[in-house]
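Quick notes on the structure that follows.
The values are calculated or read from the model by the stated rules, or taken from the named source; none is laboratory data. Small disclaimer: the values here were computed from a predicted structure and weren't measured. A quick note on method: Cβ atoms are made from the backbone with ideal geometry, for glycine too, and the neighbour counts reach across all protein chains shown.
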Amino acid sequence: MIREWRKQRKDLIKADKSKKTLRSCAPKWPELEEYVKNWIIDHRKNGTAVSIKMILIEARRLATEMSITDFAGTTSWCERFMRRNGLCMRTKTTIVQKLPREYERKIIELHKNVINIRKKLCFEIGQLGNMDEVPLTFDVPLNKTVVLKVLRQL
């Protein structure tokens, strides 16, 4: 073992002191992984959810762009990539619906229209009813997204 440790001396000195082994291997395509990591960070800054499938599609596209022929872009590669780069899957806790632009002006216009119609047709406020429409969305947001792990400082 001492011979092996001497061979690994430089790596052992650089290694994290809390780890007991040098198990993680170096990435085969470090430049590709750096581009993919930056792509993920940019998308997350813009508030876009990033899935593993999206990472694989982007990685494959970049691999063909960079003329990397032996890149398969499998889910196991993605899991190792995420572990190497401090990324993990998180479930979104809230999905907030955004208010439309100039919503206050639109509310005031709606109130004025209701008051004008009520005066025109001569009926009491108690005769008014409220009915909401149920929106149907075809763009279902993702429940999970890839994020950078937050490291605790001791």
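Quick check on LYS17: is it free of Cβ contacts under 8 Å to residues at least 12 places away in the same chain, surrounded by fewer than 13 Cβ atoms within 10 Å (Cβ to Cβ) and assigned to a helix (DSSP H, G or I)?
On the way: free of Cβ contacts under 8 Å to residues at least 12 places away in the same chain: yes; surrounded by fewer than 13 Cβ atoms within 10 Å (Cβ to Cβ): yes; assigned to a helix (DSSP H, G or I): no.
Answer is no for this residue.
Table: residues versus (1) outside any helix (DSSP H, G or I); (2) basic (Lys, Arg); (3) under 19 Å from VAL146 (Cβ atoms).
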site: THR48; (1), (2), (3): yes, no, yes
site: ILE57; (1), (2), (3): no, no, yes
site: GLY73; (1), (2), (3): yes, no, yes
site: LEU99; (1), (2), (3): yes, no, no
site: HIS111; (1), (2), (3): no, no, no
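Looking for whichever is β-branched (Val, Ile, Thr), at pLDDT 80 or above and in contact with a strand residue (DSSP E or B) (Cβ under 9 Å, 6 or more places away or on another chain) here; the options are ILE13, ILE68, ILE40. Which one fits?
On the way: ILE13 fails: in contact with a strand residue (DSSP E or B) (Cβ under 9 Å, 6 or more places away or on another chain); ILE68 fails: in contact with a strand residue (DSSP E or B) (Cβ under 9 Å, 6 or more places away or on another chain).
Residue meeting the stated conditions: ILE40.
Among the residues of the range 99-112, are any among the acidic types (Asp, Glu), on the phi > 0 side of the Ramachandran plot and modelled with pLDDT of 80 or more?
Yes, that holds for at least one residue.
Among the residues of the range 113-149 satisfying the criterion of being closer than 30 Å to ILE52 by Cβ and modelled with pLDDT of 75 or more, which is surrounded by the most Cβ atoms within 10 Å (Cβ to Cβ)?
Ranking the candidates gives VAL146 first.
Taking only pairs six or more apart or across chains, which ones have beta-carbon atoms under 7 Å, a first residue in the range 31-49 that is without any contact (Cβ under 8 Å) to a residue 12 or more places away in the chain, and a second residue that is among the hydrophobic types (A, V, I, L, M, F, W, C) and surrounded by 16 or more Cβ atoms within 10 Å (Cβ to Cβ)?
Listed pairs, sorted by first residue: HIS43/VAL50.
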